[in-house]
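The values are calculated or read from the model by the stated rules, or taken from the named source; none is laboratory data. Note that this is a predicted model, so its numbers are computed, not measured. So basically every Cβ, Gly included, is an ideal-geometry build from the backbone, and we count neighbours across all protein chains shown. Note: accessible area is taken over every heavy atom of the protein model, side chains too, but ligands, DNA and RNA are not part of it. Shrake-Rupley method; radii C 1.70, N 1.55, O 1.52, S 1.80 Å.
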Amino acid sequence: MMKQHQQLLLLSLMFLVAVAAAAVAADPQPRPQQVQHQQQQPQMRMRMRMSSRARSLLQAPKPDCPSSCSVRCGNNWNNEMCNKMCNVCCNKCGCVPPGTGQETRHLCPCYDTMVNPHNPHKLKCP
């Protein structure tokens, strides 16, 4: 008796699923609510993308170039020229490698790879 009851319940459930699927497939025109919802989705996605971009820009503040460069050029023998070039690089790249040595240049790739336009074999940033 119990097995028959389970089979009947399973058949009823399958019938309901089939009816629901047929109703969805037979509806050629989307309802106005569906159309409106579908039109709003791209706008919402665009807003989300824009707000996430703005948020990421706000999360990465530009460094204080003069103070970062004065630390970077603290041990340089030509301090004035070092500060001048470091500030140019900092303003273009938005970062200055920490410390005074060459071993940290890779932490700011733009700063590390910028070359002198008059001598492409010479690095621009100290």
- Identify all residues within segment 80-100 that are open to solvent by less than 60 Å² (accessible area, probe 1.4 Å), of a type outside the set (Val, Ile, Thr) and outside any loop (DSSP other than H, G, I, E, B); write none if there are none. CYS82, ASN83, MET85, CYS86, ASN87, CYS89, CYS90, CYS93
- Item | Filter pass, CYS125 being outside any loop (DSSP other than H, G, I, E, B) and surrounded by 13 or more Cβ atoms within 10 Å (Cβ to Cβ) | no
- Kindly indicate the residue of segment 101-115 that is modelled with pLDDT of 90 or more and not in a helix (DSSP H, G or I) and also farthest from CYS69 (Cα to Cα) among those meeting that condition. VAL115
- Message: Please verify whether GLY74 is open to solvent by less than 60 Å² (accessible area, probe 1.4 Å), in contact with a Ser or Thr (Cβ under 9 Å, 6 or more places away or on another chain) and not in a helix (DSSP H, G or I), treating the condition exactly as stated.
- Response: yes
